[in-house]
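The structure appears below as C-alpha cells.
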Amino acid sequence: MSESIDWRRALVIVAFAIAAIVAPQVLGVSDVNLLSEIIYLSTAALALALITGFNGQISLGHGAFVGMGAYITMILTVDYNVSYVAAGLISLGAAFVVGLIIGLPALRITGVYLALVTLALATLFPQIVNRLGDITGGSVGRRLVPREGYGDWDRLQEVGRRRFLSTEGFRAPDWTGLANDQWRYYVFLAIAVVVFVLVRNLTRSRVGRGLVAIRDNETAAEVAGVPIAKYKVLTFGISAAIASVAGWMFAVLNNDVSPTSFTIVLSITLLVAAVLGGANSIIGPIIGAVVIIGLREAVPAGSQQYTNVIFGIALIVLILAAPGGVVGIYRKNQFKRKQRQAVRAAEEFKAALEAQEATVAE
Amino acid sequence: MALLDVEDVSVRFGGVTALDGLTFGIDEGQICALIGPNGAGKTTLFNVISRLYDADRGAVVFDGRDLLSLPPHGIAGLGIARTFQNLALVQGLSVLDNVMVGAHASTTGGFAASLLGLPVRAREREGRARALEVLERVGLGGYAQLPAFGLPYGTLKRIELARALAARPRLLMLDEPASGLTHSEVGELSDMIRSLRDEFDLTVLLVEHHMNMVMGISDNVVVMEFGQKIADGPPAQIQGDERVIGAYLGGPG
Ligand SMILES: Nc1ncnc2c1ncn2[C@@H]1O[C@H](COP(=O)(O)OP(=O)(O)O)[C@@H](O)[C@H]1O
Ligand SMILES: [Mg+2]
C-alpha cells in the first residue's frame, strides 16, 4: 500500500521542482536573493528539526553552529585562499566534531536544562568572535573579499577569480552563462536538495525510528536495543554539520560576516522556523522559513525590531496550541481519518461475526 | 540446563527491599509464570533482566552469558524481548514503525548507511514485510498505519506483544499482558501465547494475576512474596501449596 506511487504527491513535487528551477530566470536579483535566503534558513531550520524535532534534544544554540560555518568559510577563503568547496567541507567537518563534543555533556542533561545550556552556547559565540578580533574582524565583522594589505593583492585577485572569489563574492563561472545571483541560487538549491534527501533517508530508516523512540520513550528504545548515547551524540554532530552548511550559505550570500548575525536571535528564529512548520517533519522547516522571511518582508521598514517580539510570542503560542506545527495539524487530520476507518472496519467485522454466529445458532 | 538463571538477586530502593535473594531458573521452551501479590518484586525482576535497574547482589545468566555486565541496549541483541506492565509505546510513530523499532537489535544499518538510503532500501522493505507479518499474526494487520495511541487498551497491549515478537526473541517476558482485557480476550491471549511459543520456539516468562490463565498455560510457576521465592513447581503442585494459598491464591488478588 505504502509502496504504490502517490500521484497527487508526485505532481506537487514536480510542480515545485519546475518552479524552483524556473524562478531565477523570471525574477529580479533581489527576489532571487530572497529565495536563496529562504534556502539558507530552511537548511538551518532542518538542522534544528533533526536534533529537536526528531530526537527531542532541545537546542537554543544552533545559531552558533551556523556562525561557525560562516566564519570558517570567510576566514579560509579570504585569508588562506581555500576554495569555497573546500572551505565548506572543512567547516562541515569542524562543526561535526564540535557538535559531537557538545553532544557528550548533553547526554547528562535533558529538556529545559539542555535548552539553557545551549542558550549559553548561543550567547557565548559572539563574545568568542569579539575575543578573536584579529582573525574574525571583531564586532565589525569582515567582508568575504580579499582585502588590500592581506598578502599579494594582485595574486589574490587572480586566485580568487579562479576559485569563484571576486570582489562580488561568489561568482558564476563563465561556462554557465548565469548571473552571479542565479548561479548562487542554483548552487544553494542543489546543496539543499542533497541535505534534505539525506535527512529524509535518515528519518525513514532504522536509525530514524530509533531517534524518535529515544525522543518519545527512552526506556522502550533502550530495551529494543537502541544505543541511546551513541545515537544522541551522533545526531548532535550531524545537526551541527548541517547548521554549518547553512552558515556557509550565509557567508556566500551576504559576503559579510559579523557577530550580530549570529546572536541568540538567530537561534530562536531557527527554533521558531522548525516548530512553526512542524519540527517532526522534513517539509516543516521549509514552511517555517518561508513564513518567517515572508513575515519579515511584510513588516514595514522601521518596525523591524518588533519582528523578534512577534517570533517570541508566535513560538509560545505555537508550542501551546499546535506542538506539531503546520505539518502536525495536517497529519493529525490524516490520522483521525485513518482511525475512524479502522474503527468502522472493526465494527463491521464484529457485526458480520455476530450475524454469522446468529445463523449458526439457528 | 536452564536458559535463564536468576541467582540470589537482591535489589533495594532506599529502605524497601524489592528483591531479596531471589533464585530460580527457566528451562528452554518452557512457559514459566511468575506470580505474587502487588509489590512482590515481579516488575523489578523484569527491570533487572532488562538492565534498567542495577542489582545490589546476585547474577543473571542467559544462555551462559552474564547479563549484569551488559548495557541496557545490549540485552535485546541476545534474544530477550519484553512488554511493559504500563505500556511503553512510541507515540510519535505508527503501529507498524513501533513494531519495526522492536526489530532494532535483529536488523542492521547505521547512520552512514541510513543517510545514504540506497543500501538499506531492500532491507527496509524486508523489515517492513516482517513487521506486517507479525502484526497480522497478533490480529492487528489493519492497524499498521495508525498512530500508536488513542487505541483501545487491549489493542495497545497487543502492539507491544507484536513489537516484542519482531525482535525474534528466544526469551519473551510478558508483564501482566492480560490486565485490562475482557474475559474472552484473556482466553484468546492464552491460546495465542501457547501457539506463539510453539511457532517461534520461545521461552516465556509470564507475570500475570489471572489464575485461570496462569494455571492453564504454564509449565512451571514461581511464587513470590516480599521479593522472595516462596514456592516453585508445576501448576498442579502450586495450587495445592498451603503457603501459596495463604499468601496469595486465597486472598483477593
Ligand atoms: N523505581 C523504584 N523506586 C522505588 N521503589 C520501587 C521502584 N520500583 C519498584 N519499587 C518498589 O519495589 C517493590 C516491588 O515493586 P514491583 O517490582 O513493581 O512489584 P510487582 O511488579 O510485583 O507488583 C515495591 O515496594 C515498589 O514500590
Ligand atoms: Mg508489576
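Numerical summary
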{"item": "Between the stretch B:178-235 and the stretch B:1-26, the Cα center-to-center distance that results, in Å", "result": "19"}
{"item": "Assigned charges on the beta-carbon of Lys, Arg, Asp, Glu; the protein assembly as shown dipole about Cα centre (debye)", "result": "2000"}
{"item": "Overall Cα dimensions of chain B - principal axes, largest extent first, Å", "result": "61, 42, 35"}
{"item": "Derived scalar couplings ³J(HN,Hα) [the stretch A:44-56; Karplus, 6.51 cos²θ - 1.76 cosθ + 1.60; whole Hz; x for Gly, Pro]", "result": "5, 5, 4, 4, 6, 4, 5, 6, 8, x, 8, 9, x"}
{"item": "Separation between Cα centres of the stretch A:219-242 and the stretch A:267-304, rounded to whole Å", "result": "27"}
{"item": "Selection from A:LEU107, A:ALA47, A:SER244, by position along the positive dipole direction of the stretch A:33-259 (Cβ)", "result": "A:LEU107"}
{"item": "Coil-residue chymotrypsin sites (Phe, Trp or Tyr not before Pro) of the stretch A:193-270, DSSP, other Cβ within 10 Å capped at 14", "result": "none"}
{"item": "Residue-count net charge about B:ASP241 - beta-carbon cut-off 13 Å; Lys, Arg +1, Asp, Glu -1", "result": "-1"}
{"item": "Förster radius 30 Å - calculated FRET efficiency between B:LEU78 and B:ALA112, Cβ distance, rounded to 0.05", "result": "0.75"}
{"item": "Inter-site label distance for A:ASN130 and A:LEU104 at 7 Å from Cα along Cβ, in nm", "result": "2.9"}
{"item": "Computed over chain B: relative contact order in percent, which uses C-alpha pairs under 8 Å that are six or more apart", "result": "27"}
{"item": "For B:85-92, mean number of other protein chain Cβ atoms within 10 Å", "result": "5"}
{"item": "Amide N of the stretch A:113-132 lying under 19 Å from the label point, which is placed 7 angstrom from the Cα of A:ARG296 along Cα→Cβ", "result": "A:122-123, A:126"}
{"item": "Protection proxy ranking, peptides A:272-279, B:144-151, average beta carbon neighbours within 10 Å, highest first", "result": "A:272-279, B:144-151"}
{"item": "Size of the A/B contact, given as accessible area buried on both chains, probe 1.4 Å, in Å²", "result": "3200"}
{"item": "Mean accessible surface per residue for the protein assembly as shown, computed with a 1.4 Å probe while every protein chain stays in place, in Å²", "result": "46"}
{"item": "Average beta-carbon neighbours from other chains, 10 Å sphere, peptide B:140-146", "result": "4"}
{"item": "Charge dipole (debye, nearest 20) of chain B; +1 at Cβ of Lys and Arg, -1 at Cβ of Asp and Glu", "result": "880"}
{"item": "Formal net charge of residues neighbouring B:MET211 (Cβ-Cβ distance under 14 Å; K, R +1; D, E -1)", "result": "-3"}
{"item": "Carbon plus sulfur fraction of accessible area for the stretch B:2-249, probe 1.4 Å, in percent", "result": "50"}
{"item": "Residues with amide H under 5 Å from that of B:THR203, placed H, sequence gap 5 or more", "result": "B:GLY29, B:LEU171, B:LEU172"}
{"item": "Per-pair calculated FRET efficiency, R0 = 56 Å: A:ASN180 and B:THR182 via Cβ, rounded to 0.05", "result": "0.20"}
{"item": "Zone of B:ARG123's modelled label, taken as backbone nitrogen in the stretch A:213-228 under 13 Å from a point 7 Å along Cα→Cβ", "result": "none"}
{"item": "Contour excess over end-to-end distance, with Cα ends at A:ILE316 and A:ALA229 and 0.36 nm allotted per residue", "result": "28.4 nm"}
{"item": "Percent carbon-and-sulfur accessible area, the stretch A:33-259, ignoring ligands, DNA and RNA, probe 1.4 Å", "result": "63"}
{"item": "Distant-in-sequence amide H partners of A:THR110 (H built 1.01 Å from N, under 5 Å)", "result": "none"}
{"item": "Förster radius 25 Å - calculated FRET efficiency between A:THR219 and A:TYR113, Cβ distance, rounded to 0.05", "result": "0.80"}
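The values are calculated or read from the model by the stated rules, or taken from the named source; none is laboratory data. The structure displayed is predicted, hence computed values, not measured ones. Quick reminder, even Gly has a Cβ in these numbers, built from the backbone with ideal geometry, and neighbours come from all protein chains shown. What goes into the accessible areas is simple: the full protein's heavy atoms, side chains included, and nothing from ligands, DNA or RNA. Shrake-Rupley method; radii C 1.70, N 1.55, O 1.52, S 1.80 Å.
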